[in-house]
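The numbers here are math on the coordinates, done by the rules we state, and not lab data. As the structure is a prediction and not an experimental result, all values here were calculated from the model. Note: ideal-geometry Cβ built from the backbone for every residue, glycine included; neighbour counts use all protein chains shown.
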Amino acid sequence: MKGWLIRALLIVAALALIATSNPAPYSDSYETSVAAPHAILTLAAPSARFEVRIHAEDLLPATGGALAQVRGSVVEPAADSSFVRVTLDDGWPTSSMEFVSSFSKAAQPVFTGDCREHDPSSPCEGSFVVTFERSSGAERSAPSEIEWSIDVRARLSKDDGPDRGPFPLPWLVEVTPLD
């Protein structure tokens with residue numbers, strides 16, 4: 001009898017815990033894609049740097065979890081097997097990788113400014129730098145042309161379900177050459 005009583009108490013305690021737990025978090029997902037200017041690497045200009053700037057004027061609470069996926073490939077010369085290094089500097093420890101034909105890397109931009117309310121005097125903006133470099137052993141004379149793009153994704157948490165999206169992300173993404 002005592003064993004059944006203990007089991008019943010455990011079941012009641014488990015049900016009470018489930019009943020008082022927070023509901024599963026739901027979210028709406030948003031995304032946008034931007035084609036970046038081609039990077040052309042030559043013997044005279046073996047690297048190219050670009051600043052990616054994200055202007056958030058709506059969905060400001062989503063800035064904390066925004067993720068930018070940078071991906072691309074070498075389009076010229078198509079049969080070249082030399083390495084190119086891509087580096088993303090998003091304020092976190094810088095990460096880089098070498099690739100021959102294509103790459104994909106993620107950055108988590110850090111937003112600054114007033115990201116709680118839309119305030120034109122202190123805009124909510126995030127940025128990171130993308131750098132392409134020819135490998136040090138590459139002595140080819142033909143330039144390398146890299147076609148690349150940025151996909152920006154954000155999630156906005158909500159109390160009620162279901163999860164929805166993806167919807168178009170209403171943020172402006174600009175890519176500016178630095179070199």
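Ordered by residue, what ³J(HN,Hα) values in Hz, to whole numbers, does region 45-54 give under the Karplus form 6.51 cos²θ - 1.76 cosθ + 1.60, where θ = phi - 60° and Gly and Pro are x?
10, x, 9, 9, 10, 9, 9, 9, 10, 10
For the ranges 93-103, 66-76, 123-133, 109-119, what's the packing order if you count other beta-carbon atoms within 10 Å of each residue, average per peptide, and put the highest first?
Values: 93-103: 12.7, 66-76: 18.5, 123-133: 20.5, 109-119: 14.9.
Those peptides, ordered most packed to least, come out 123-133, 66-76, 109-119, 93-103.
State the volume of the convex hull built on the alpha-carbon positions of region 25-177, expressed per residue in Å³ and rounded to an integer. Walk me through the intermediate numbers first.
Details: hull volume 17.5 nm³, N = 153.
Normalising the Cα hull of region 25-177 by residue number yields 114 Å³.
Under a 5 Å amide H to amide H cut-off, with H placed in plane at 1.01 Å, what residues pair with residue 75 once short-range neighbours are removed?
145, 146, 147
Sequence-distant or interchain residues sharing an amide H contact under 5 Å with residue 169, placed H: which?
Placed amide hydrogens put 31, 32 under 5 Å from residue 169.
Residue 38 versus residue 172, label points 7 Å from Cα toward the beta carbon: distance in nm?
2.7
When N counts the residues of region 102-179, how does its alpha-carbon radius of gyration compare numerically with 2.2 N^0.38 Å, as a ratio?
So the Cα radius of gyration is 1.57 times the expected 2.2 N^0.38 Å.
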